[in-house]
Structure formats: structure tokens, C-alpha cells
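One structure is given here, and the rest of the page talks about it.
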Amino acid sequence: MQQRSIFGRHYAMAVVAVIFVVLLAAAGLRSTPGVLMVPWEQAFGWSRWAISFAAACGVFLFGLTGPFSAAAMQRFGIRATVIAALVMMSLSSFASLFMTQAWHLIVTWALVSGIGSGCITNVLSATIVNRWFVTNRGLVMGLFAATTSTGTLVFIPALSAIAQAGGWQPVVLCVGLAMVVLIPVVYFLLPEWPGDVGQTPFGGTSLVAPALADAPPGHPTEIRESGNPLKTALDEGARNRDFWLLSTTFFICGFTTNGLVGTHMIALCHDYGMAAVTAGSLLAIMGLFDLVGTTASGALTDRYDPRKLLFAYYGLRGLSLIYLPFADFTFLACRCLRCSMAWTGSPPCRRPWPSPTKALTSGRHPSCLA
């Protein structure tokens with residue numbers, strides 16, 4: 001097998017770049033309903049409840065698909081799973097151009113798009129990190145976790161400007177084309193294993209998968225499983241208290257970020273008389289500050305006990321949530337910016353804890369990473 005590299009560097013850097021862009025695009029797609037909530041209201045006369053319901057179904061399927069996508073990656077491979085997800089997201093985007101009823105929105109942006117984007121999430125990040133890295137896993141996981149913030153930073157202002165200038169159709173068209181462009185990139189540049197390109201995992205010595213002796217404490221290795229990984233994960237997780245604690249806290253995290261702010265922040269700003277581009281820029285600034293927080297959190301996970309980091313993150317989030325009912329809109333917006341840099345957990349602040357959570361989960365139950 002001829003050894004492949006990227007500009008003289010380890011090929012893991014190319015894999016990180018490809019996955020980062022794919023995660024970035026998926027984050028942009030998931031943020032699109034929040035940008036288009038008001039334009040859809042104005043174009044079709046649909047109630048905000050109907051659009052919110054479609055968005056909620058999409059977020060629900062986005063999360064529910066995770067364990068099944070992990071099983072698909074084990075059974076069919078990472079590249080095939082990611083390409084199938086990109087095809088689903090592109091088709092759902094293009095099909096929505098022809099929708100006329102609210103149920104069309106549910107089928108395209110909730111059902112098909114939710115399942116497709118659910119295959120490109122933290123499960124993909126954890127799988128790539130476990131296969132391609134022995135060292136610096138927390139840093140890379142933090143970088144992948146930051147794609148949500150970066151997607152907010154890049155896509156929301158741009159999509160808001162497009163929607164304000166040309167309506168909702170150009171936004172949907174741009175999102176669909178972005179997914180199509182990524183399909184050949186993934187096909188040609190994303191190998192399944194380091195050994196497929198004649199490389200060892202970054203920081204390791206084994207040609208196939210990180211050797212157990214290579215892995216630092218608390219960072220188990222990727223194992224090629226022959227059984228059903230979904231059944232193994234469910235069996236392991238259902239019997240373990242730590243799994244339920246982490247799942248519950250992650251559910252609260254997703255509900256208060258993707259479920260509330262990611263979907264309703266721009267519409268809320270519109271109700272207060274703020275222009276869509278201005279509201280999108282506000283979210284982008286939050287994403288910029290959180291990009292620093294999530295990446296740094298990943299680096300801290302390599303050095304400190306993830307349990308202590310999670311305790312600090314959730315504690316700060318809880319204090320912010322207690323205060324939120326007493327804050328007015330202007331003060332809330334300013335506080336969001338400060339909180340996102342300080343890694344607190346107020347709803348507009350993205351979560352900095354995927355890296356500590358993945359470290360805890362993979363350290364005790366590797367098959368439950370989904």
C-alpha cells in the first residue's frame with residue numbers, strides 16, 4: 001500500500017479537514033429552519049407553531065439517528081454512510097423548493113433532512129477520532145464540536161442576507177448545492193482506516209488501528225466489531241447509570257441550544273423589530289466566542305478530569321438559566337455574548353462539553369459513543 005500524505009503532513013490532517021467541512025455544512029443545514037421561519041410564515045401563511053413543529057421533529061430525528069448511524073458506519077463504512085447522508089440532505093433541500101403544504105415541510109426538513117443530518121454529528125466525530133488519533137484526541141474532538149459554532153458564524157449571517165434579499169428559495173438552493181459539492185470530496189479524500197492509505201494513526205505505531213499500548217490513559221482504542229454495534233451499545237447503556245446521567249444532561253443541553261435558540265432566536269429578534277441579518281450576526285458573534293470555548297475545552301479534556309469540567313460547565317449553565325427569567329431582551333443579548341466566551345450554559349451559548357462527555361463515555365463504554 002502506497003503511503004499517502006497531505007502537503008507532507010500526516011494524512012489524518014486531511015481527514016480532519018474533510019470531516020470539519022462536512023460537519024460545518026451539516027450544522028449550516030440544521031440552522032436553516034431558524035433563518036427561514038419568518039420567510040416561510042410570510043410566503044405560505046403557515047403558523048409559527050406548524051413551522052416549529054417541523055423544526056422540532058427534525059431536531060428529534062437528528063438526535064435519534066445517532067445510534068443507528070454508528071451501526072451503519074460499523075456495517076457499511078464511514079464513507080458510504082456520510083455520502084448517503086449528504087445525498088439525503090441535498091434531496092430534501094431541493095424537494096422543499098416545490099412544497100406547498102405544511103406537511104411537505106415536515107417530510108423534507110424534518111423527516112429526510114433530520115435523518116440525513118443525524119448521520120453527521122458527534123457520532124461521526126467520535127468514530128474518526130478513535131480511528132485516526134492516539135494522541136490529541138480531546139483537542140480534535142473539541143475542534144469538531146466547534147463546527148456547530150463555526151457553522152453559526154459562517155452560514156447564519158450569509159443565509160439571513162440571502163433570505164432578506166431574495167426570499168427563502170435561494171437559501172434552500174444554496175444549502176442543497178453545498179451538500180452536492182461535498183459528495184465527491186468525501187468519496188475521493190476520506191479513507192476508512194489509516195492503514196488504507198499506508199499510514200499509522202496519528203501518534204500511534206499500529207498500521208490498522210491504534211494499539212492498546214499506544215493509547216494514553218482514559219483514551220481507549222477503536223475496535224473493529226464483528227457483532228451488531230447498535231445492540232451492544234443499547235445493552236451496555238441501558239444497564240449503566242453513567243450512560244443515563246450523561247444522556248439526560250446532553251438532552252437538556254440540546255434542548256436549550258438547538259431546540260430553543262437555534263430555532264427561535266432570529267424569529268424572536270424579528271418580533272422585537274430587529275432585522276434578520278442583524279439577528280443572524282448576533283448569533284454569529286456567539287458562535288465566534290464559542291468556537292474558542294469548545295476548542296479550548298477539548299484541549300483541557302486532554303489534561304484535566306472530564307467530570308470536573310462538566311461540573312463547572314453545567315453549574316455555570318444552571319446559574320444562567322436561573323437568572324434568565326429576570327432578564328430583559330437587551331440585557332439578555334449582551335449577556336449571551338459574554339456567556340458564550342465564559343462557557344456558561346445559558347441557552348444562546350453553545351455547549352463546550354462534547355469533548356469531556358466523549359472522554360467519559362469512551363473511557364467506560366466505548367460502544368455507547370452514539
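A few comments on the model shown:
- Condition check for Ala14: among the aliphatic types (A, V, I, L, M) and either in contact with a Gly (Cβ under 8 Å, 6 or more places away or on another chain) or without any contact (Cβ under 8 Å) to a residue 40 or more places away in the chain (or both): no
- In the range 343-351 there is no residue matching the filter, namely being modelled with pLDDT of 70 or more, buried (at least 21 other Cβ atoms within 10 Å of the Cβ), of a type outside the set (Ser, Thr, Tyr) and touching a helix residue (DSSP H, G or I) at 6+ places or on another chain (Cβ under 8 Å).
- Total residues in the range 177-197, condition touching a residue at least 24 places away in the same chain (Cβ under 8 Å) and of a type in the set (Phe, Trp, Tyr): 2
- Only listed residue being in contact with a Ser or Thr (Cβ under 7 Å, 6 or more places away or on another chain) and aromatic (Phe, Trp, Tyr), chosen from Trp109, Trp46, Trp40, Trp103: Trp109
- From Val172, Val140, residue being buried (at least 24 other Cβ atoms within 10 Å of the Cβ), at pLDDT 90 or above, over 11 Å from the mean Cα position of the chain (by Cα) and part of a helix (DSSP H, G or I): Val172
- If the condition is being at pLDDT 70 or above, buried (at least 17 other Cβ atoms within 10 Å of the Cβ) and of a type in the set (Lys, Arg), then the range 297-342 contributes only Arg317.
- In the range 19-68, residue surrounded by the fewest Cβ atoms within 10 Å (Cβ to Cβ) [restricted to those that are in contact (Cβ under 8 Å) with a residue 40 or more places away in the chain and of a type in the set (S, T, N, Q)]: Ser52
- Qualifying residue in the range 94-102 (condition: of a type outside the set (Asp, Glu), free of Cβ contacts under 8 Å to residues at least 60 places away in the same chain and crowded, with 21+ Cβ neighbours inside 10 Å): no
- Residue in the range 85-103 that is over 29 Å from Gln169 (Cβ atoms) and within 21 Å of the chain's Cα centre (by Cα) present: no
The values are calculated or read from the model by the stated rules, or taken from the named source; none is laboratory data. Just so it is clear, the model here is predicted, and its values are computed rather than measured. Because the Cβ atoms are built from the backbone with ideal geometry, glycine has one as well, and the counts that use them run over all protein chains shown.
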